[in-house]
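> Starting off with a structure, shown below.
The values are calculated or read from the model by the stated rules, or taken from the named source; none is laboratory data. Just so it is clear, the structure is predicted and the values come from calculations on it, not from any experiment. In this analysis, Cβ positions are derived from the backbone assuming ideal geometry, glycine residues included, and neighbour counts consider all displayed protein chains. These accessible areas exclude ligands, DNA and RNA; they are computed on the full protein's heavy atoms, side chains included. Shrake-Rupley method; radii C 1.70, N 1.55, O 1.52, S 1.80 Å.
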Amino acid sequence: MIKTDVVIVGAGPTGLFCAHQLGIIGLKCEIIDNLDKIGGQCIELYPDKPIYDIPAIPECTGEELTKNLIEQIKPFNFNFHLNERVDEIKKKDEKWFVKTSKNSEIITPNIVIAGGVGSFEPRKFSAKGIERFEGKSVLYSIKDKSIFNGKSLVIFGGGDSALDWAIELSKNSNVTLVHRRDEFRGAPSSVDKIMELKKNNKIEIFTKYQLANVKGVDQIDSIEIKHEDGEAKSLKADYVLGFFGLIMQLGPILSWGLNIDKKTIPVNTENFETNQKGIFAIGDICFYPGKLKLILSGFHEGALAARGCFKYARPDEKLKFEFSTTSKAVKSRLGIKE
Ligand SMILES: Cc1cc2nc3c(=O)[nH]c(=O)nc-3n(C[C@H](O)[C@H](O)[C@H](O)COP(=O)(O)OP(=O)(O)OC[C@H]3O[C@@H](n4cnc5c(N)ncnc54)[C@H](O)[C@@H]3O)c2cc1C
């Protein structure tokens, strides 16, 4: 069981800057995100797009902003739990008990929900009984491509992820690409490369087909795909990979006993606390009159929520207001030697 001052749900820009503000005032936190990377919408939806309205930064991309936010909290050495969704939150002796999809258990007096528009989840196959193979031989993301060497893979999808992985994995595996339409949506250069691999018998392609059935006991042995005309085909498969994009859903956040209004969490504007003591909400997920869904608003909300957390984490201490330019304590927390 991990003990900490604050659990931050969501490693988007708002969660990251809130972590900085917690570090500055001497609190510890654990940061949890369902994605396999840090940065929320900035990194998942627009890493290469320039942002023009971050104060004092005339222009930076989603990726650059994320990199700088990560750099800014490095001195605090906070722990990230990626690929983990916060599933359960329960009150336990005046504190909060937090459990994730990977069974991490954390006890904390404060939770800051910086969950944006909800957790990013892969769009999944709808074939019956497929759940029992998920995470083993049915995958929606790839962490270690070496497990596929010499194996038979069936990749589903028609966008960039499906095409890029089909091209990459065809170097060491037997790859079949299946798409429910005739046209691929990926970059023209990737489509050309795929067609060239097909011509050279390096990959097999079936279009207008979808996954209909999976066969196997612990691992998949074979699958059945069905053409839109109804014709079925059986394919040998050690692994089935689906790349259908991401959906965002509030999911478990809806069951934490919080007031929810049109998929957002109402908060007060003094410290961004919700209707539950010790649970704060900041960034795109919070709502109050005048709320702007902008990164700069999320930064302000994170700074005030961090101060709100202090009173539950250090009930016997009074938080002193200090400037980072002049405070010895802040500089020491940042590892700055004078
Ligand atoms: C194309 C585009 C362009 C944009 N341009 C601008 C711009 O120019 N300027 C600007 O200010 N804003 C812009 N925005 C908006 C900005 O990106 C958002 O306001 C900002 O990302 C919100 O940050 P956040 O940290 O609140 O949430 P997010 O960035 O959405 O991050 C939330 C994170 O929480 C995680 N999460 C949610 N629930 C759970 C859970 N239960 N367990 C674990 N993790 C969870 C999600 O996986 C996600 O990573 C743009 C948005 C888009 C889509």
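> Where does the charge balance sit around Cys309 when Lys and Arg score +1, Asp and Glu -1, over other residues with C-beta under 11 Å from its C-beta?
On the way: positive: Lys28, Arg307, Lys311, Arg314; negative: Asp5, Glu273.
Net of charged neighbours comes to +2.
> What translational diffusion coefficient, in µm²/s and rounded to a whole number, does the Stokes-Einstein relation yield for the chain at 10 °C and a viscosity of 1.306 mPa s, taking the hydrodynamic radius as the Kirkwood radius over Cα pairs? Working shown, then result.
Values: Rh = 22.2 Å.
Diffusion coefficient, whole number: 72 µm²/s.
> Treating only the Cβ of Lys, Arg, Asp and Glu as charged (+1, +1, -1, -1), what charge dipole size does segment 1-147 show about its Cα centre? Round to the nearest 20 debye. The partial results should precede the final answer.
Details: 20 positive and 21 negative charges, 125 e Å.
Using only the charged Cβ atoms, the result is roughly 600 debye.
> Tell me which GluC sites (Glu not before Pro) from segment 273-319 have a DSSP coil assignment and no more than 14 other beta carbons within 10 Å of their own. Walk me through the numbers before you get to the answer.
Working: sites: Glu273, Glu301, Glu317; in loops: Glu317.
Here the GluC sites (Glu not before Pro) that fit, given the DSSP loop and packing criteria, are Glu317.
> Pairs of alpha-carbon atoms within less than 8 angstrom and 6+ residues apart define the contacts here; what relative contact order does segment 6-158 have, in percent? Display every interim value, and only then the final one.
Details: 221 pairs, mean separation 39.3, N = 153.
Relative contact order for segment 6-158 comes out at 26 percent.
> Tally Lys and Arg at +1 and Asp and Glu at -1 over the other residues with C-beta under 13 Å from the C-beta of Phe280: what net charge comes out?
Details: positive: Lys277, Arg307, Lys311; negative: Asp5, Glu270, Glu273, Glu301.
The answer is -1.
> I'd like the Kirkwood hydrodynamic radius of segment 181-323, using the inverse of the mean 1/r over distinct C-alpha pairs, in Å. Don't skip to the answer; put the middle values down first.
Values: mean 1/r = 0.0484 Å⁻¹.
Evaluated on segment 181-323, it is 20.7 Å.
> A further question on this structure: Considering Cα pairs under 8 angstrom that are at least six residues apart, work out the relative contact order of the chain and quote it in whole percent. Spell out each step's value before the answer.
Numbers: 694 pairs, mean separation 68.6, N = 338.
Contact order relative to length: 20 percent.
> Take every Cα-Cα distance within segment 247-288, group them into 10 Å bins from 0 onward, and report for each bin the whole-number percent of pairs it holds.
Reading upward from the zero bin: 31, 59, 10, 0.
> Which whole number in µm²/s is D for segment 288-338 by Stokes-Einstein, with the Kirkwood Rh taken over Cα pairs at 37 °C and 0.692 mPa s?
On the way: Rh = 13.3 Å.
The estimated diffusion coefficient comes to 248 µm²/s.
> Could I ask something else about it? For segment 109-249, would you read off the P(r) tail past 26 Å as a percentage of all alpha carbon pairs?
Numbers: 2418 of 9870 pairs.
In whole percent, the long-distance tail amounts to 24.
> Taking only C-alpha pairs under 8 Å that are 6+ residues apart, what is the relative contact order of segment 176-230 in percent?
Dividing the mean separation by the residue count of segment 176-230 yields 36 percent.
> When ligands, DNA and RNA are left out and all protein chains stay put, how many square angstrom of accessible area per residue does segment 1-160 have with a 1.4 Å probe?
Values: 7270 Å² over 160 residues.
In whole numbers, segment 1-160 has 45 Å² accessible per residue.
> To continue, here is another question. Which longest uninterrupted range of the chain lacks any chymotrypsin sites (Phe, Trp or Tyr not before Pro) assigned by DSSP to a loop state (not H, G, I, E or B) and surrounded by at most 15 other Cβ atoms within 10 Å?
Values: sites that count: Tyr52, Phe321, Phe323.
The answer is 53-320.
> What base-10 log of the normalised intensity I(q)/I(0) is obtained for segment 29-124 from the Debye formula, alpha carbons as equal point scatterers, at q = 0.10, 0.12 Å⁻¹?
Treating every Cα as an identical point scatterer, log10 I(q)/I(0) equals -0.33, -0.47.
> On to the next question. Test of the criteria: in segment 114-149, which trypsin sites (Lys or Arg not before Pro) are in a DSSP loop and have at most 10 other Cβ atoms within 10 angstrom of their Cβ?
Lys128, Lys143
> So, one more: Give a residue-ordered list of calculated ³J(HN,Hα) values for segment 89-101 (Karplus: 6.51 cos²θ - 1.76 cosθ + 1.60, θ = phi - 60°; whole Hz; x for Gly, Pro).
Karplus values, whole Hz, x for Gly and Pro: 10, 9, 6, 9, 6, 6, 10, 10, 9, 10, 10, 9, 5.
> Using amide H atoms built 1.01 Å from N in the peptide plane, name the residues 5+ places from Ile51, or on other chains, whose amide H lies under 5 Å from its own.
The list, which skips near neighbours in sequence, is Cys60, Thr61, Gly62.
> Here's another thing I want to ask about it. Under a 10 Å cutoff between Cα atoms, tell me which one of Lys262, Lys277, Lys99 has the largest fluctuation in the Gaussian network model of the chain.
Maximum among the listed residues: Lys262.
> Heavy atoms only, probe 1.4 Å: what % of the accessible area of the chain goes to carbon and sulfur, would you let me know?
Numbers: 8560 of 17600 Å².
The nonpolar share, carbon plus sulfur, comes to 49 percent.
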